[in-house]
Amino acid sequence: MSSTISHLDKINQLIASFDLEALQAFHSVSMTKQFKKGSFLLRAGEVCQYSFLLQSGIARKFIYEQEKEITTEIYVEQDLAVSFYGYVFQKPSRESIECLTDVTVQMTSYRGFQDAKKGFQPGWSWIY
């Protein structure tokens, strides 16, 4: 648990230190998009190429296990919806992320973020 808190502290410190140039770089690799209820932000077996910051609505992350859907997370406004493994390692995800209501998200491209953060090394080097 302490390593998770330490990691979150680092993220919060980094965000607080963003100047206008860093914020513009981040926004240049992000876009706002709306999804209808029942839409999928990510399907199991796909590589998670975006992180999704929910601006409105509700979504869930779930896995299929023994022919059943098992919900592992519920996302609401200001939550970050992502398949951590699929996003960080750019490998097919085990999880699906489904919109339970109409949802508006800020999508951030994994590849775009990786390219953008190169200009801000070493401060961003540890961020996925």
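Side notes on the structure shown:
- Given their separation in residues at 0.36 nm each and the Cα-Cα distance between them, ARG94 and LYS36 gain 18.6 nm when the chain is fully extended.
- The ellipsoid that matches the Cα gyration tensor of region 30-114 has semi-axes, each √(5λ) in whole angstrom, of 19, 17, 9, with the longest given first.
- Partner lysines whose Cα lies under 18 Å from the Cα of LYS91, excluding those fewer than 8 positions away in the same chain, are identified as LYS61.
Rule-based calculations on the coordinates, nothing more; no lab input. What you are looking at is a predicted structure, and each value in this text was computed from that prediction instead of being measured.
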